[in-house]
1. For the range B:516-527, check the following and say yes or no: at least one residue is outside any helix (DSSP H, G or I) and more than 27 Å from residue B:370 (Cβ to Cβ).
2. Specify the residue that is surrounded by the fewest Cβ atoms within 10 Å (Cβ to Cβ); the eligible residues are those in the range B:217-230 that are under 23 Å from residue B:314 (Cβ atoms) and out of contact with any Ser or Thr (no Cβ under 7 Å at 6 or more places or on another chain).
3. Is it true that residue A:47 is aliphatic (A, V, I, L, M) and at the interface with another protein chain (Cβ under 8 Å from one of its Cβ atoms)?
4. Can you find even one residue in the range B:103-110 that is in a loop (DSSP other than H, G, I, E, B), open to solvent by 30 Å² or more (accessible area, probe 1.4 Å) and under 19 Å from residue B:448 (Cβ atoms)?
5. Restricting attention to the range B:18-35, report how many residues are loosely packed, with under 14 Cβ neighbours inside 10 Å, assigned to a helix (DSSP H, G or I) and facing another protein chain (nearest Cβ under 7 Å).
6. In the list B:59, B:97, which residue meets the criterion of being away from chain A (no Cβ under 14 Å), open to solvent by less than 20 Å² (accessible area, probe 1.4 Å) and either in contact with a helix residue (DSSP H, G or I) (Cβ under 6 Å, 6 or more places away or on another chain) or among the aromatic types (Phe, Trp, Tyr) (or both)?
7. If a residue has to be touching a strand residue (DSSP E or B) at 6+ places or on another chain (Cβ under 6 Å), charged (D, E, K, R) and surrounded by fewer than 22 Cβ atoms within 10 Å (Cβ to Cβ) to count, how many in the range B:647-687 make the cut?
8. Do we have residue B:83 as within 30 Å of residue B:458 (Cβ to Cβ) and either modelled with pLDDT of 95 or more or surrounded by 14 or more Cβ atoms within 10 Å (Cβ to Cβ) (or both) here?
Amino acid sequence: MSKKKSCVVLPFVAGFVASLFLGWWGFPQLLYSEKTQPLQFSHKVHVEDQAMSCEDCHFYREDGSYAGLPTTESCASCHEAPMGDDPAEIEFVEKYVNEGDYKEVPWYVYQKQPDNVYFSHIAHDGVDCTACHPDMAFNETLPVYYENRLTKYSKQTMKMWECERCHAENGASNACFVCHK
Amino acid sequence: MKKMGLDRRSFISFLAGGTGGILFTPVVWKLLDDASIWSQNWPWIPRLSYGALDRKSALCKLGPDAYGVEVLTVGGRPVTAYGNEKDPASKGGVCPLGAASVQLLYSPARVKSPMKKDGASMVPISWDEGLSILKDKIKVAGDKVAMISGDETGTAAEVLAALVAGLGSDQYFLMPSEAGPAVRAWQNVFGGDGQPGYDFENSDCILVLGADICQAWGPGVGKSCMDAKATGGSLLYAGPVENGTAAVADEWIPCMPGTEAILALGVANALIQAGRSADTMGMSEFSDFVRKGFSPAQVEAKTGVQAAKIKDLSERLLRAKKPVVVIGSEIGQGLSTFEAAAGMSLNFLLGRINQEGGVRIVPWAEPVFEGAPRRDAMLAKDLVAFLEGVAVGRNEAPAVMLVHEANPAYALPGGQSMANSLRKAGFLVSFSSFMDETAAMADLILPASYSFEGFDDSYTPYGSAKGTYLATAPVIGPVNDTKTAGDIILAVADELGLGLGLESFEEVLQARAENLGADWSGLLEDGEAWTSERTAFQFFLSMWKVPFDADLGKKGADGQLVLAPVVKLNIGSAKMATPPFNVLTISERELQGQDCFVAMNKATAAMIGVDQGSMVKIASQSGEMKGRVQIFEGVVPGAVSACLGFGHTAWDDFSRGKGTNACDVLLVQGLDSQGGASFGNPQITVSRA
């Protein structure tokens with residue numbers, strides 16, 4: 001009776017390839033949940049159609065701090081009542097502008113940093129926005145937000161090594177206290 | 001040819017391949033990284049809230065002083081308090097309580113809703129029920145309603161006094177302070193009008209007798225003294241303990257506790273000997289009085305200050321172009337009318353009344369409500385004297401006692417006996433924002449909003465050289481189910497049909513601003529203080545128009561140990577326990593575990609037979625306290641210094657049960673003919689505990 005020869009190489013390769021596939025494709029699917037923003041918003045309508053600049057909404061305050069996303073109150077300076085028949089705009093006015101003292105929209109922020117990181121936008125004023133943020137100016141819709149199921153941070157939240165690399169490349173200090181106050 | 005087959009070896013090979021493969025993916029490294037981040041993100045960790053930075057003007061009334069602060073808000077949420085440079089009482093500084101003022105919004109000791117006593121405990125009730133209970137009690141009490149307020153400069157106290165006066169009662173009391181005896185002295189002893197203030201900033205020689213002005217009179221006072229020093233002026237401090245004011249003074253003149261008034265009259269004698277006189281009636285009688293009873297030798301024997309130093313002090317005052325003398329108590333309360341007058345007499349002799357760099361008399365603000373008492377009428381009434389009268393049956397206990405921004409059950413002399421007097425009131429109502437000792441024993445708590453949560457104001461804190469007025473709008477809405485004290489009282493008055501005439505406390509403050517001629521919107525929006533350089537017109541001043549007080553010379557060194565209490569605002573004040581934020585500022589020489597320290601110098605300790613760290617019992621005729629001995633050469637021989645602010649029985653875990661209450665040892669040493677009670681420095685016995 002002839003003895004079967006064990007197949008070793010092929011299963012090894014199969015296991016290796018399967019892991020690569022699962023690790024590079026399957027794992028991210030499992031790790032991140034997809035979240036849609038609470039409202040749809042078109043940057044393109046505002047920038048292209050209304051000729052607004054980025055700084056009209058994303059501006060530095062007088063004291064140099066960065067306003068980040070506009071507040072509902074500031075949006076209401078134009079959208080106190082619906083200006084058109086866009087369902088998203090109507091929903092915004094009904095659910096947020098007319099709700100008490102201007103209820104804030106719980107936007108998901110793609111690059112939100114943890115509280116233990118102090119990031120000053122004005123200190124990075126010379127760097128192009130798109131070096132860290134995707135260029136949203138002509139987007140019709142807001143991209144899907146991927147939330148890390150473990151950490152609860154955005155997939156696009158910049159990691160410390162990225163900050164450090166840029167600081168090192170540009171001769172900026174990488175001392176702890178520069179970012180961790 | 002052998003057949004190839006999948007067997008156990010193949011399976012292991014598959015697993016090995018898979019394991020090897022996984023190492024070439026992000027799985028392991030990403031999971032490790034994320035797991036470490038996950039471990040930092042527990043749900044109970046507070047999150048920062050982001051938003052626009054803003055500064056809103058507010059008031060700090062947590063200590064004996066009242067001054068303006070600016071509260072930094074982020075996205076509308078208060079974060080921290082800074083001084084308000086536009087307020088003369090603050091000059092951009094904050095006291096240790098002001099530094100903790102924002103965190104106190106969220107103190108665990110906050111009263112979260114109206115409560116009523118139910119057996120031995122307090123149960124939450126609605127505002128409607130609370131107001132209805134109070135209305136019914138006041139209706140039955142009629143004119144037997146009394147009030148105590150710790151808000152000496154605020155109009156809320158006046159609203160409460162207007163209610164009490166409207167009911168036909170004249171029992172409106174303010175908590176003991178420096179202002180009470182100073183105003184009684186100015187009005188009754190010298191025949192003046194208005195509130196004495198001190199132009200420290202423009203003085204070239206400031207003699208401070210007892211009062212810890214650089215700590216407890218508002219951050220602006222300390223800055224003014226430093227400004228005076230910076231321009232060549234001198235700051236001299238006489239008192240029993242090297243306290244905050246002594247520490248920054250050019251010279252500390254050690255003086256037996258409670259004898260600063262004797263020292264003042266000794267200096268007055270020296271000034272008269274040097275030819276100084278006041279061109280007013282009563283001068284010759286005053287001259288005779290000090291010459292007979294306050295010779296340098298007599299004063300040295302009582303105060304422990306050498307005769308040569310007394311002469312030196314008088315000469316320095318005479319040499320100065322703009323000297324000013326201020327007298328007060330180390331703890332901001334407990335001075336008698338005549339002790340206050342003794343200090344003021346030096347300003348008379350030096351011709352410093354209503355002079356630049358001297359004493360300036362600020363006019364009173366007229367009451368907003370018709371029939372309401374002016375502040376001087378409230379200061380004329382002595383709460384300690386009244387409650388002591390209740391204790392001994394001399395005064396009838398009120399049927400309803402209303403307590404506002406004050407903690408008399410803790411902070412009055414002989415704490416327990418005063419608390420017992422309060423218990424004799426038929427119905428005790430507290431408007432406290434915090435569960436203090438008085439609120440804990442109240443029958444009803446109608447919690448007032450914290451100062452930052454509502455409209456508030458302050459008119460000319462005692463000591464201010466000019467008239468000032470600050471009014472502030474809410475920095476944040478009520479964190480708990482509370483209402484502004486003024487609005488609660490207006491609602492009660494409305495329920496009782498007393499109709500004070502104004503609908504809201506905001507309207508009351510607007511009326512006050514209008515009376516003063518202040519710009520209401522400027523006060524609220526810019527945090528600008530209204531100020532006035534006007535001084536009060538004095539109709540007829542005389543040098544000591546009432547009989548001289550026979551007790552004035554009785555205190556002093558006679559071999560008995562004397563208590564020298566001190567106040568440290570980081571530990572607390574008469575109305576505020578130690579804020580949680582300040583716990584770490586209390587040193588191991590002040591509190592160790594549950595034991596507080598009492599300080600004495602080495603000679604005193606040797607005389608008693610105790611060492612550093614010994615546990616001792618300090619007793620007066622009024623009560624007792626315990627503490628560990630701290631050897632400190634900054635206390636005069638024969639005196640034991642104890643810090644007020646410990647020994648709370650209510651509040652929260654940050655202050656309850658820490659040390660013992662030195663107020664229990666303070667003893668009312670008699671009432672003067674002007675209605676004032678003196679209680680600062682009792683004779684004590686000290687023994688090992």
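1. So the first thing to find is which residues in the range B:516-527 are outside any helix (DSSP H, G or I), and the list is B:517-519, B:527.
From the residues that got through so far, the ones that are more than 27 Å from residue B:370 (Cβ to Cβ) too are B:527.
Yes, the conditions are met somewhere in the range B:516-527.
2. The initial filter retains those residues of the range B:217-230 that are under 23 Å from residue B:314 (Cβ atoms), namely B:225, B:228-229.
Then drop every residue that is not out of contact with any Ser or Thr (no Cβ under 7 Å at 6 or more places or on another chain), which leaves B:225, B:229.
On the way: B:225: 25, B:229: 17.
Selected residue: B:229.
3. Values: aliphatic (A, V, I, L, M): yes; at the interface with another protein chain (Cβ under 8 Å from one of its Cβ atoms): no.
When the stated conditions are applied, residue A:47 does not pass them.
4. Going through the range B:103-110, the residues in a loop (DSSP other than H, G, I, E, B) turn out to be B:107-109.
Narrowing the set further to residues that are open to solvent by 30 Å² or more (accessible area, probe 1.4 Å) leaves B:108.
From the residues that got through so far, the ones that are under 19 Å from residue B:448 (Cβ atoms) too are B:108.
Within the range B:103-110, one or more residues are in a loop (DSSP other than H, G, I, E, B), open to solvent by 30 Å² or more (accessible area, probe 1.4 Å) and under 19 Å from residue B:448 (Cβ atoms).
5. 1
6. Details: B:97 fails: either in contact with a helix residue (DSSP H, G or I) (Cβ under 6 Å, 6 or more places away or on another chain) or among the aromatic types (Phe, Trp, Tyr) (or both).
None of the others qualify; the one that does is B:59.
7. Residues that pass the stated criteria total 1.
8. Details: within 30 Å of residue B:458 (Cβ to Cβ): yes; either modelled with pLDDT of 95 or more or surrounded by 14 or more Cβ atoms within 10 Å (Cβ to Cβ) (or both): yes.
Answer is yes for this residue.
The values are calculated or read from the model by the stated rules, or taken from the named source; none is laboratory data. These figures come from a predicted structure and were not determined experimentally. Neighbour counts are summed over all protein chains in view; Cβ atoms, including those assigned to glycine, are modelled from backbone coordinates with ideal geometry. Accessible surface is based on the protein model in full, side chains and every heavy atom, while ligands, DNA and RNA are left aside. Shrake-Rupley method; radii C 1.70, N 1.55, O 1.52, S 1.80 Å.
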